[in-house]
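The values are calculated or read from the model by the stated rules, or taken from the named source; none is laboratory data. The shown structure was predicted, so the numbers you read here are calculated from the model rather than taken from an experiment. Positions of Cβ are backbone-derived with ideal geometry, glycine not excepted, and every protein chain shown enters the neighbour counts. Remember, those area values only see protein heavy atoms, side chains included, never the ligands or the DNA or RNA. Shrake-Rupley method; radii C 1.70, N 1.55, O 1.52, S 1.80 Å.
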Amino acid sequence: MMKRVSLRGMLLRHTPLIVVEAVFVMSFLGDMSRGDAENAFLAMGLFQVSLTPLVVEAIGRIRIPLHLQLLYAILLFTGGYMGSYQRFYDVWEPWDTVVHFYSGVMIALWADYILRSVMRKHGFVMPRWLHATVITSFSALVAMLWEIGEFAADQTMGSRAQIDNYDTMVDMITGTLSALIVAVILAWRAPRRRPAEGELTHNSTP
């Protein structure tokens, strides 16, 4: 169960997302004043997606660490805001690959945090190879779902998120490869023993 925390402590953990949310809201208001409905819609969408950690905390009754929220905020800013909103993808084509590589790293770290939390809660330890496999598989699944989402958007809204099959495969491979690298490193640091009874409620990552 999530422990009681002060408002100051909650705001501190959410500081990275609060910063990018302020950017999204200001962009939305500016676009609305100029009558730019397309960019306003994108800015509001980014704002809504940025609230995901708050929803996860409320539903799961957990506290997401500051560093994970920072990683998520960076992804939203570099990918969603700089890449799509500011059209940086059009200015420098490799930026898309850089963002997908980073997203694989971020997703793998989130998956590792969730997996370690589950192991501590239920008092078990996975073999290192399985630990790495679960993290990589989860990251690959997210990469696949993202590409499906882009495909669906292109077909229904006329966007051009996917240039061609080569672009789609490079995005999926890049995100999965970076996740695999991180998963191997994290799995090597995975605990070797079954946690003691007093460790089951410990929330910090090793």
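Restricting Ile62, Ile18, Ile107 to those that are touching a residue at least 60 places away in the same chain (Cβ under 8 Å), of a type outside the set (D, E, K, R) and over 23 Å from Ala143 (Cα atoms) reduces the list to Ile62.
If the condition is being touching a residue at least 24 places away in the same chain (Cβ under 8 Å) and open to solvent by 60 Å² or more (accessible area, probe 1.4 Å), then segment 111-121 contributes only Lys121. From the list Phe88, Phe24, the lone residue that is at pLDDT below 90 and among the aromatic types (Phe, Trp, Tyr) is Phe88. In segment 185-202, the count of residues that are open to solvent by less than 80 Å² (accessible area, probe 1.4 Å), part of a helix (DSSP H, G or I), modelled with pLDDT of 85 or more and closer than 26 Å to Leu66 by Cα is one or more.
Restricted to segment 127-168, and to residues there that are open to solvent by 80 Å² or more (accessible area, probe 1.4 Å), at pLDDT 85 or above and over 16 Å from the mean Cα position of the chain (by Cα), the residue that is farthest from Val98 (Cα to Cα) is Trp129.
Among the residues making up segment 30-55, a single one is loosely packed, with under 12 Cβ neighbours inside 10 Å, over 18 Å from the mean Cα position of the chain (by Cα) and aliphatic (A, V, I, L, M): Ala37. Does Leu66 satisfy the criteria of being over 27 Å from Tyr166 (Cα atoms), open to solvent by 50 Å² or more (accessible area, probe 1.4 Å) and within 14 Å of the chain's Cα centre (by Cα)? Spelling it out, Leu66 is indeed over 27 Å from Tyr166 (Cα atoms), open to solvent by 50 Å² or more (accessible area, probe 1.4 Å) and within 14 Å of the chain's Cα centre (by Cα).
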